[in-house]
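To start, the structure under review is shown below, and the notes come after it.
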Amino acid sequence: MVSRRTALQSIGALLGGFSAGCIGQSGPTSDRVQWQRRIRGTPLLDDETIYILDRLTLYALSPTDGSDQWTVAYEEDEFDEHLCLRSELAVDERRIYVSACDGLRALRRSDGEQSWSIDSPLRSGVTVNGGRVYANSDDLLAIDADGGEIDWRVSTGGEHLTRPAATKDVVVFTNRVDGVVTAFDTDGEQRWTHHTDTETRSPTIADGTVYVATAPVPGREGRLLALDIEDGNIQWNVETPSLKRGTRPVVGTDAIYLGCNGRDNGRLVARSRQDGSERWSFTADNRSVYEPVVDDGTVYAGSNDNTLYAFSLTGERKWTVETNSTVGSVAVGDGFVYAANNERLFAVERT
């Protein structure tokens, strides 16, 4: 499948609406907002570039002013399914990886040209580590990042698979519906399996521990588990609000942060990495708090109450920005927080 790459001049970007003069009804109006674009998606910031996929167009943007470095646009009739491209991107030093219902695309970071592709329908986003791309298809695939060859594949025994987590030694995935957590060595040999027997979110790996959130009663009750990465044994297991579907636990220096759903109110919860005990929590004015980001002493999170929040590591609110639309994803750079709501991407001053 061949992509169309389009280089846009600055005047085209202005007409697209990234400047402050183009703020519309759904745009944030805080003085903290430095620029915004009418682009929806999940921003990924890496090495002085923001990558974001808005339905059929992949953008590489300047984090300073939101101008286009390059774009790749696809045609709707290239795909058998509507909304085939998945908004979650992955990157390494040379490539961007775009997962889709028809396979995986590896694009050059320099200009967006396609390097290789795998024609195997993917269930979720992919993870990159140690020169490999790990992807959930009909099987769990370990793909050589340079050439696109499949190094190994193993049966996963289910269709409702989440985004894998990986280190240089191990890859872990979960079956969302059946609650099976499985770890493989990087040669494809199964290391261990743990059964939660309930709906389970994507895993996170940090310092020899796999953190997994479950949702026995989605939208109300959940649990957070810490599993030993060597053998899958439970280190601790605590009750939490239900983690929002499509998100994962976020690990900080000494705490784990969860964006949670609720029947009446969403919550942002901080838990101790040592034993899972609650450090603090925040209750939003709507039903969902999305996956947070923790960076340099601050926790950032968006919510269905149309607000971007910044908290200290002890839970004090530092500032908020109202956006008139649900804030679903956040990325953090040196000087700005990049957040996306249902209408646009915007850059907010951190301090």
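The values are calculated or read from the model by the stated rules, or taken from the named source; none is laboratory data. These numbers were taken from a predicted model, which means no experiment stands behind them. Please note: Cβ atoms are built from the backbone with ideal geometry, for glycine as well, and neighbour counts cover all protein chains shown. These area figures cover heavy atoms from the full protein model, side chains too; ligands, DNA and RNA do not enter into them. Shrake-Rupley method; radii C 1.70, N 1.55, O 1.52, S 1.80 Å.
Would you mind calculating the relative contact order of the chain from Cα pairs under 8 angstrom and at least 6 residues apart, reporting the percent as a whole number?
12 percent
If we count every other residue with Cβ under 15 angstrom of N265's Cβ, Lys/Arg +1 and Asp/Glu -1, where does the sum land?
Local charge sum for N265: +1.
Please find, in a Gaussian network model of the chain (springs between Cα atoms separated by less than 10 Å), the residue of S325, S62, S155 whose mean-square fluctuation is greatest.
Most flexible of the set in this elastic network: S155.
If the elastic network links every pair of Cα atoms under 10 Å, which of R201, R271, R94 fluctuates the most in the Gaussian network model of the chain?
R94
Residues with amide H under 5 Å of W35's amide H, sequence separation 5 or more or different chain, H placed in the peptide plane at 1.01 Å from N; which?
Distant-sequence amide H within range of W35: A347.
Please compute, over every Cα-Cα pair in the range 166-308, the percentage with a separation greater than 20 angstrom.
The proportion of pairs with Cα distances above 20 Å equals 43 percent.
Regarding the range 142-182, what is the average projected area of its C-alpha convex hull, in nm²?
Average projection, Cα convex hull of the range 142-182: 3.3 nm².
Would you check the accessible area of Y309, probe 1.4 Å, heavy atoms only, in square angstrom rounded to 10?
Around 10 Å² of this residue is reachable by solvent.
Run the accessible area of the chain with a 1.4 Å probe and give the carbon-and-sulfur part as a rounded percent.
Whole-percent figure for carbon plus sulfur exposure: 39.
HN-Hα J couplings of the range 295-310 from phi, Karplus 6.51/-1.76/1.60, θ = phi - 60°, integer Hz, Gly and Pro as x?
Result, ordered by residue: 7, 6, x, 9, 10, 10, 7, x, 8, 5, 8, 6, 10, 9, 10, 10 Hz.
In Å, what Kirkwood hydrodynamic radius results for the chain from the alpha-carbon pair distances?
Its Kirkwood hydrodynamic radius stands at 20.7 Å.
Could you provide, to the nearest whole Å², the per residue accessible area of the chain with probe 1.4 Å?
Computed with neighbouring chains in place, this is 42 Å² per residue.
Please work out the ratio of the alpha-carbon Rg of the range 51-182 to 2.2 N^0.38 Å and round it to two decimals.
1.05
Step through the residues of the range 44-49 one at a time and calculate ³J(HN,Hα) from phi using the Karplus curve (6.51 cos²θ - 1.76 cosθ + 1.60, θ = phi - 60°), rounding each to whole Hz and writing x for Gly and Pro.
So the Karplus estimates, Gly and Pro as x, are 10, 9, 7, 6, 6, 9 Hz.
Given the -39500 (n - 2.57) contribution per DSSP H run of 4+ residues, what per-residue ellipticity at 222 nm results for the chain, rounded to the nearest 500 deg cm²/dmol?
When only DSSP H runs of four or more count, the value is -500 deg cm²/dmol.
Compute a Gaussian network model of the chain, connecting alpha carbons closer than 10 Å, and tell me which residue from G262, G41, G208 fluctuates the most.
In the Gaussian network model the winner is G208.
Mind pulling the per residue volume of the convex hull built on the Cα atoms of the range 240-325? Å³ is fine.
Taking the convex hull of the Cα positions in the range 240-325, it is 84 Å³ per residue.
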